[in-house]
Structure formats: structure tokens, C-alpha cells
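The values are calculated or read from the model by the stated rules, or taken from the named source; none is laboratory data. Keep in mind that what you see is a predicted model, and the values were worked out from it rather than measured. Note: ideal-geometry Cβ built from the backbone for every residue, glycine included; neighbour counts use all protein chains shown. Areas reflect the complete protein model, heavy atoms only, side chains present, ligands, DNA and RNA absent. Shrake-Rupley method; radii C 1.70, N 1.55, O 1.52, S 1.80 Å.
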Protein chains: 4
Amino acid sequence: MEISHLLKAGFGRRGFLSGSSLLLTGALLGATEEAKAKPAPDPAPPEPVPQEILDKGALLADLVTANHILQDQGVVDGYGHVSVRNPASPNHFYISRWLAPDLVTVSDIVELDFDCIPTNGDSRKLYSERWIHAEIYRARPDVKSIVHTHAPTVVLMGTINEPLLPIYHMGGFIGTGLPSFDIRKSFGMTNMLINDAAKGKALAQALGNHPAAFMRGHGGVTVGTNIMHSVGRAVYLKVNSEMHLQAGGRKIETLAPEEAILAEEGNSDFPKDWDLWKRKVMKG
Amino acid sequence: MEISHLLKAGFGRRGFLSGSSLLLTGALLGATEEAKAKPAPDPAPPEPVPQEILDKGALLADLVTANHILQDQGVVDGYGHVSVRNPASPNHFYISRWLAPDLVTVSDIVELDFDCIPTNGDSRKLYSERWIHAEIYRARPDVKSIVHTHAPTVVLMGTINEPLLPIYHMGGFIGTGLPSFDIRKSFGMTNMLINDAAKGKALAQALGNHPAAFMRGHGGVTVGTNIMHSVGRAVYLKVNSEMHLQAGGRKIETLAPEEAILAEEGNSDFPKDWDLWKRKVMKG
Amino acid sequence: MEISHLLKAGFGRRGFLSGSSLLLTGALLGATEEAKAKPAPDPAPPEPVPQEILDKGALLADLVTANHILQDQGVVDGYGHVSVRNPASPNHFYISRWLAPDLVTVSDIVELDFDCIPTNGDSRKLYSERWIHAEIYRARPDVKSIVHTHAPTVVLMGTINEPLLPIYHMGGFIGTGLPSFDIRKSFGMTNMLINDAAKGKALAQALGNHPAAFMRGHGGVTVGTNIMHSVGRAVYLKVNSEMHLQAGGRKIETLAPEEAILAEEGNSDFPKDWDLWKRKVMKG
Amino acid sequence: MEISHLLKAGFGRRGFLSGSSLLLTGALLGATEEAKAKPAPDPAPPEPVPQEILDKGALLADLVTANHILQDQGVVDGYGHVSVRNPASPNHFYISRWLAPDLVTVSDIVELDFDCIPTNGDSRKLYSERWIHAEIYRARPDVKSIVHTHAPTVVLMGTINEPLLPIYHMGGFIGTGLPSFDIRKSFGMTNMLINDAAKGKALAQALGNHPAAFMRGHGGVTVGTNIMHSVGRAVYLKVNSEMHLQAGGRKIETLAPEEAILAEEGNSDFPKDWDLWKRKVMKG
């Protein structure tokens, strides 16, 4: 039923069904080769695809695109990940299985609950740090998407005991500074990874109501109200960190707290960036 | 009438009608598919395209190329913009609608008056900061093209309270230093954007007769006597800012004021760069 | 005999026989054009390719890929090299003949003994510094693969008399710091190259049981238990060196020694990176 | 006569007649379209192409490749140039007409005498700074090729009043340091360009017997015994300058003078680099 819906439906938001989204169709619907080979016997007019199927397709296509953008923008490399909360089931979230972000396709996306168990029994290897996502979603109902980054300048900024402040309006979300999570404070000697619920909860607590946090000796995390938002913040966290480091010890005339608030409002969820960044990875 | 002119005309300056310029033909002339499908019934010799049509076509093609060059050279990313004054109507200027520069095609160019209203009733979303352009064109009749940049090193250079001086001859236009505009001085707490006429006028006043200005917590602006000129200055403002920062606190033996003036004359409007940069984005 | 084995066999680990590995088939087996042109006269079922042939093919394909990855990741340029110990003959190792790593194909791989003599009489020009590899393999039975790098930040880190410590978990293998080899201490004035057995032995002694060492005025070396391991360490030695330098004189809160040990265990042999890096060079 | 020689000849050193060299054939020989269209009427065996024609073809093909390599390696951008002395006529040299190096093809190469006049009456626009080349060739019979660079780190290194010393063996040619030319000392206020014979002579005098020199507020120059040599030195002048700047104020343990001499001998004319760099621009 869903097959015919989707195959007949055409295009959703942001070019759904184009490019990598085509893979999605099969993944969502389990279409077989035989089904495709048969001529459609039914002369009846096509039924519309239910909106929730289209929405899920668009969401997962955006999540795949976000994985590729984060690589292209230097936010992730072999490591790091991005997730999105399931709008139809807010205690679940979508994230790739264990895979470098640039290699992710729709068939690699898994849906996890807050115990980090796949909802459909998927047995593929998962990110050991999926707890970052589960526990932040649990603690922050306002958060719909999360990025975890190892960008070198973000890593470094989290180790030098200097506050990062917004150097230009694109860093408005940095406000009066970001918290820094030191895993050692609560867990002593570890491999630095957020690989269980307790560590995820501690990170979520350190994050508090902030848009981002540094993680000492590890990287950082950004959150947002949608995928574009968490991705945009991750990119500009990196850019602001680079600027701060490039300034050497010089005093930087950063944004005043109220300027930062106003600038953050103006940036919205970075739609102009998203269009540019998406085109770049689509051309890739 | 203009349709037949242009379709019969062939090539203008810098390969007009090649590549993205083909899009321009339709945009300028509103050619319909039917018109193209019909065989030309008139055996009369082709009439020449009026020069002003060719000139406008070449100008807008250069403006599109400038958008792409600025992305390729790291001067803009999702943000920033470039404009050119309309030579046939000097109180008007051409600029893209709201769009990341690298995505701009000729059909995205709008013509604005100094109140930032599209001259042809175009209702598409526009850059909130188009006032940068309107008010500088109003204040500076000598200026024919303007670039607004968020290049990180330009942003940073505008926040560290150190004067930028020309480090080599390609920065000759920097002369004895550039003004820095701090929006807070006149407007208090803002989102940092030049989003109305008053802010545009204040920026134009800060710019004065200089070729460029920094904008604290935001970026910079360069002006020129044509598109190549403002683009070249934007690139070398970035390069000189990078050099200054890379020098750390070291003393730099910069150009003497008279050397800077002579070097600036020698650079003209960077024609050798333009040819190189253009080829790069055309190949892209 | 081996020809028929391999031609009938199909695919081994990591897509053996695809891409550049096809070249390998001929190189390993000396297949002639005539042999390929003749129709197979034997109706008997195909014999399996012996496992050791498949294994060698996969190993050399990985070695070629490693050469390309090291260029793509900025670890080598015209210089530097990577080798792997022959598992079937542990006193021998595979390495390219004299060639920039990015140009290496399977036909360029030679097998050397610990006197750096080709085992099959190959008379092509060899790396003058192959002694780095021979003497470390001789001294360290646990080492199965070695990378020699000239990455500028690694070179620089080896000249500034500051210890490099792990800045994040990906640098866990750096532990409590790495040794630095100064060729001048034992050999006086040289061209800096490890171009004979004595210098190779001195370097191996300086390396001791460490995973990597700096070489003053020259570069560095990393070792591992397989190709992915030595390559991954080379990449992250570079990344950690960059971070250290980018921090300027600032104090960095590096990993505690026990954190480094645990992080190193978690990193294993960087399989997620390898998949990403390999895809990048395969697309190249 | 020369036409038939070359058309029948086939291939010389480094793949002569392949790729861009094909353009060369016509340029060297003035072959007309008619000549190409006619079937060869002569059944006689092909005459060999005289060696001097093949040599010139290979030399100019290498010069074009050098132009492209210098762009690809970040040594030049819109500006900078590379030349080679004519081995058959040592008071002449080959260089591109006025053009960004990456755009140069064989048809852009001109032959100049030491008064910077084209030997064949070519009237195209020339580099204003061709005097750099003429006067160094005049003063230094050992020099066969010259590169002039604006690489930002080389420019910067020439303005900070710190000596550059070889940081690793690839910088061996830097020896105990390079001279720095300040045009102001002899010529007062200028546009910084070496645009006449007097300035060329002053630069050549400052260069003395060194392999390279900095030019304050402008860039640098490297010389060599062939194209590969001057190009390789230009690349490693840039790399060593970058390292020096990246070290911040830290003390660098540079090569001892004798180490530098020995390392320089070992580097020869960078043949391994050339093969790599050439392949990169050929793939372009």
C-alpha cells in the first residue's frame, strides 16, 4: 500500500525522491525488483501518498544530506555524528549505524529509543556514543537535532581554558559563552567516550539549556530545533573557534550579550547556508 | 524586437552568450519556447543588437561570475554579496535576490533603486543588507561596484584593534589604513546587520572616501570602479588580513604610504586575476 | 596453476580484484596476453585459489591504497613511504620502489629483506631510506607496518623542543610523549637521511617500544600492527601536531596518562577512518 | 622540412607530443590546416626529427607544465612567472606573455633577449617584470631557470626581519640564510615592481650567488640549473616559510650549515616531486 503511494507521489520538500533519496524509497518500502518490473495493472487514478510517509522520507533525506555536509564543511571526519528526533514518536531518534558520516546513505539510518535500542530489531553495529543523543533528547524536549563534532579547532578550544565568545554575528548563539564538559570530574579515568547512559546524562546536565558544549579532550556537541539548526551551529562553532585561535593572545572585541541575542534571532536556522552546503554535496 | 536583436547578435565582451550567459538571454528578453521553435520566417539580413542590450548582458554575466569567484576565492560563503551600479541609470544597481552567492544565476539578479525597491515589481525575498549598497552608491558617485564580505580573517581583523597596512604591493589600495565601522556607536544594541537606510548611511559615512572598511563583529566592504575592481580588492583585503594575523605579534615592514599609492596604480583593476579566477569558476 | 586459481577466484577481503587490484593479478601471476585470449579448454569445475595468494593480493592492494590515502590526508607528498611486513615471511617486507606515494600501483611494490635487497632480483631504483623499515622490523617483531612522514607540522613539532601530548582521544597512542631522534648525535654531519643500516638501527633504538618518533630536521615515523594502524597513527600524529602548534604558547589540558591508554585501546586500528579514507581515494 | 620531421617523429622526453604538447607542434612549425589535410604523398621512409627540435619541444612543454604546477602548489596565483634559458642561445630565455600562469599554453611562450625584446617580433603584452629574469640570467651563467613568486608566506617572511633557516632537509638549499632585496634602498618610492633593467640588475646583485632571495613587500625569486630545480626550490621556499611562521616565536632547531649543504646535494633537482606534481596538473 505504502509502495504505491510513494511511487506515485512525486516530490516532497527539498526535492524529495531526487538523488540519494531514491535509495530511500526502496529502504522505506521494501520494494522488490519484480514489483518494479511489472506493468501497473490498475487503471485507477493514483492514490496520494500519506503525508507522514512523505514527511519521514524528507526528514531522512535531510539527515543523510546533513551527514555529508558535516564532512564537506570540516565538522566531522571518520568520527562525529548527527541525529534527528522522530517527530511522530518523540522518544525515538534517527541516526546512522556505525559508519563514517560521509559514507551514510538512507539504508544506514536506524531509529533508536532512549535506551539506544533499535526500534526494529536492527542488529548492525551502532555508534558507541549514541548516548550523547539519547540523553540530550531526554533532558531537552526543545531539542530536535544534535551534532557531535571532533573538528580540531573545537577540540582545541575545549582544552585551553579560555572562554569562546561570539566574534561575529554568525556566532550569536554562543552568547555569553558555552559550558565545557570534563568527563574526568564524574567518571575518573575513561577512554573519553560517552558510551553509556550515565555519561550521557552527565553531558546533558553540563549542556543545560545551552545551544552547545565543549567536551575536554574529545570535541563538542551542538543542538537545534531542526537539522539545519544543529548543523549550522556546528559549522559556526568551528568557525568561531578557528577565529579565536587565529587571534593568538590578542584581545578580541566580541559581541555584547544583547548583540549576540539579537544576532542569533537573525540567523534563524541558517537556511541560506543549508541551500549552499546541500548543493555542494549534491554536486560532489 | 530586442529578442531578435539578441538572438542574432552573437558574442560580446568576455564571451557573452556563452555558458551561464545563455540563461541571460531568456531572462532579459522573455523569449518564449514557441518563439524559439518557429523557424525564422524573415529572410532579411539580421539587424544588429543595440549596444545597450549587449552591454547590459555582459554586465550581468560579469556580476554572476563575480558571485561565483567570491565563493571560490573564500571571500563569501552563504553570506556576503556583490553589486554593480547600472551605468544607464546611475541611481539603480544590480544585485542578486536573497541567495548564497555561489547559487546565483542571471535570473536571480534584481535591479534596485536607492530605497532598495525592485524597479520591476519583483516580489522575491531580498538581502536584508542591500542598504549597504544603496547608501554607498548614493554617497559615492565614483563607486560602480561593491562587495560585502564575511571572510573570517577580515572579520577577525576588524575586531582586534590593530591597523591593517599593505604588506605587499597587491594590498596597495589599503594605503595608510582602513576605517572600521562599529554599529554600536550609533545604534546601540542591534543584530549587527545594516538592514535599513539609516544604518547604510552611517556605514557609508564611516567608509568616507576609502576603498574599503571593516565592520566590527560582522565583516567588511570593498568598493571599486567596476566589478573586477571591487572583487579584486575584496580578495586582497582577505589575503592581507591573513598575512597580518599569520605574522603574530611580529613587526611587519609594510609599504610606505607613497609606495602604496604607486602600487595601487600599478594594480589597476586586477585584470590578470579576473581572467584566472573566471576560468576557475567556469571550469567548476 | 596459480593463474587459473586467481582468475577463477573472484573477490577477497575489501573488494580484492576490483580497481587497481586488477593490475595485481597480472603482476602476481605473470599472465600473458595469449593465455587470456585462449578459451578455457577445461570443462572441469574451477579450482579454488589458494588462500595465501588471495591474502597476498589483498595485502598489496591495501598497501597501494595506503600510499594514496597518505597523500590525500596530507601525511606524505613527493616523499615519505609506507611498508608492510610479509606475514608469510616475517624477515621480508613490502614497499614501493622509488616513487612518490600517490603514483604507486601494485606493479611498483617490491619485497625486500632486512639487508634491503629485493628478494626477486628487481633492479629498479629503491628508496634510499628503506633502512627505516628494515631495522624497525628487525628490532620490533610486534610491528607489522611502518609509515615515514614529512608532514610539515610533524617536521616542525620535531624541531621546537616541546613535548607533544595527546590533545584528544584520537591521539591516545601518543601517551606520555614520543621520542625524538637527532641523527647528529650519533652520525655528526649528514644529509639527514636514514640511508644505511647503522642509521636505521639508531633510529629503531630511539623509537624503542613507542608507537612513533620524531626525526629532527626530517619528519617522523609511526608503526602499527597492520597497515590501517600505522596509517591511522600517522594521520593523527599530524593532526595532534597541528593542534599543538595552533595553540600557540597556551597551556593545553591534555589527556591524563591513563586516559591516553584507555583511548588508545578504544581507537583500535581506526577501521572507520580507513573505510572513509579509502573511499575518498577510490573516487579520486 | 621541420614540419615533416616533427609530425613523423613521435615522442621525446617526458611524453613529448602528448597533451598540451600537441599545441606546441603547430606553434613551433607553423603547420597549416591544408598541410594536415593532404595525404602524405611521399612513400619514402620518415626522416628523423632533428634532436634540437625535439629538445625545444620538450623544454617548452616542461615550461608550460611548470606554470601549472606553480599554481597547483600555491606558489603563484594571478601573478608570478617562471622562465627557462634557451640552451641553444644562452643570451635568450623563454617565458610566457602577460598571463596568469595557470592559463599558459605553449602558444603563449615568447623568447626574449636580455633587453627583454621578443626575438621574433611578437607584439603581445609582456610581463612588466621580465627584467627579473633577464638580469639574473645575464649575471649568473650557472642559472638556467627562474621562478618569481608572490606566495603569501614568502611575502610575509620577507617583511618580518627574521632570517629563514632550513627547518628540514627539503630546505637544504636555504643554507645559512637568504638575502632580502629592498627596492627602496636604491630606488626610493616605487610601485615595488622590477620593471626596468636597472632594477633587475639591483635584484640580481642582491641575489648574488644564492639560490633564492626575498623581495620586501613583494615576494621572492628562486633560481636553478633546470626548470625542475627552480620550481622545486620555489615550493620548498614556501613550505619552509610556512613552517617558520607557524612556529610562532618558538626557537627552531634548524639544520646545521654542513647538514644543509649535504641535504641540498641529496635533493638534486626534485625529480620525485616533479613526477608527482606533473601528474596532478595533467589530471587537472
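One table, with the values for the structure above:
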item: Residue within segment A:236-246 that is touching a residue at least 60 places away in the same chain (Cβ under 8 Å), open to solvent by 30 Å² or more (accessible area, probe 1.4 Å) and over 26 Å from A:H169 (Cα atoms) present; result: no
item: Residue within segment D:247-255 that is away from chain B (no Cβ under 14 Å) and not in a loop (DSSP other than H, G, I, E, B) present; result: no
item: Number of positions in segment A:109-129 that are open to solvent by 10 Å² or more (accessible area, probe 1.4 Å) and either at positive phi or within 14 Å of another protein chain (Cβ to nearest Cβ) (or both); result: 6
item: Flag if B:Q73 is open to solvent by less than 50 Å² (accessible area, probe 1.4 Å), of a type outside the set (A, V, I, L, M) and on the phi < 0 side of the Ramachandran plot; result: yes
item: Only listed residue being assigned to a loop (DSSP other than H, G, I, E, B), more than 14 Å from chain C (Cβ to nearest Cβ) and under 14 Å from the mean Cα position of the chain (by Cα), chosen from A:V143, A:V82, A:V76; result: A:V143
item: Subset of segment D:212-246 (residues that are more than 23 Å from C:T153 (Cβ to Cβ) and either in a helix (DSSP H, G or I) or in contact with a His (Cβ under 9 Å, 6 or more places away or on another chain) (or both)); result: D:M215, D:G217, D:H218, D:G219, D:V221, D:T222, D:V223, D:I227, D:M228, D:H229, D:S230, D:V231
item: Whichever residue in segment C:187-196 is open to solvent by 50 Å² or more (accessible area, probe 1.4 Å) and within 11 Å of chain D (Cβ to nearest Cβ) and, among such residues, is farthest from C:V82 (Cα to Cα); result: C:M189
item: Number of positions in segment A:90-99 that are touching a residue at least 24 places away in the same chain (Cβ under 8 Å), open to solvent by less than 50 Å² (accessible area, probe 1.4 Å) and in contact with a helix residue (DSSP H, G or I) (Cβ under 7 Å, 6 or more places away or on another chain); result: 4
item: Filter result for B:R138 (open to solvent by less than 30 Å² (accessible area, probe 1.4 Å) and touching a residue at least 40 places away in the same chain (Cβ under 8 Å)); result: no
item: Residue within segment B:207-226 that is of a type in the set (S, T, N, Q), within 12 Å of another protein chain (Cβ to nearest Cβ), open to solvent by 30 Å² or more (accessible area, probe 1.4 Å) and on the phi < 0 side of the Ramachandran plot present; result: no
item: Those residues of segment B:76-89 which are of a type outside the set (S, T, N, Q) and surrounded by 20 or more Cβ atoms within 10 Å (Cβ to Cβ), in sequence order; result: B:V76, B:D77, B:G78, B:Y79, B:G80, B:H81, B:V82, B:V84, B:R85
item: Filter result for D:F187 (of a type outside the set (V, I, T), in contact with a helix residue (DSSP H, G or I) (Cβ under 8 Å, 6 or more places away or on another chain) and over 25 Å from B:Y236 (Cα atoms)); result: yes
item: Residue in segment D:169-184 that is within 10 Å of chain B (Cβ to nearest Cβ), under 30 Å from C:V154 (Cβ atoms) and more than 18 Å from the chain's Cα centre (by Cα) present; result: yes
item: Contacts under 8 angstrom Cβ, first residue in segment C:105-127 being at pLDDT 95 or above, partner of a type in the set (D, E) and not in a strand (DSSP E or B), 6 or more apart; result: C:V110/C:D122; C:F114/C:E135
item: Boolean, D:D115 is touching a Lys or Arg at 6+ places or on another chain (Cβ under 7 Å) and more than 26 Å from D:V281 (Cβ to Cβ); result: no
item: Number of the exception - C:E129 against (1) under 26 Å from C:D182 (Cβ atoms); (2) touching a helix residue (DSSP H, G or I) at 6+ places or on another chain (Cβ under 6 Å); result: (2)
item: Qualifying position, being more than 9 Å from every other protein chain (Cβ to nearest Cβ), at pLDDT 95 or above and under 18 Å from the mean Cα position of the chain (by Cα), among D:A260, D:A234; result: D:A234
item: Residue within segment D:197-204 that is touching a residue at least 60 places away in the same chain (Cβ under 8 Å) and within 11 Å of another protein chain (Cβ to nearest Cβ) present; result: no
item: Some residue of segment C:48-56 being buried (at least 19 other Cβ atoms within 10 Å of the Cβ) and among the acidic types (D, E); result: no
item: Residues (touching a Gly at 6+ places or on another chain (Cβ under 6 Å) and open to solvent by 20 Å² or more (accessible area, probe 1.4 Å)) located in segment C:247-270; result: C:G248, C:E264
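Yes/no matrix, rows are residues, columns are (1) modelled with pLDDT under 95; (2) surrounded by fewer than 23 Cβ atoms within 10 Å (Cβ to Cβ); (3) not in a helix (DSSP H, G or I):
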| position | (1), (2), (3) |
| --- | --- |
| B:H133 | no, no, no |
| B:H148 | no, no, yes |
| B:L156 | no, no, no |
| B:I160 | no, yes, yes |
| B:L164 | no, no, yes |
| B:I167 | no, no, yes |
| B:G171 | no, no, no |
| B:T176 | no, yes, yes |
| B:K185 | no, yes, no |
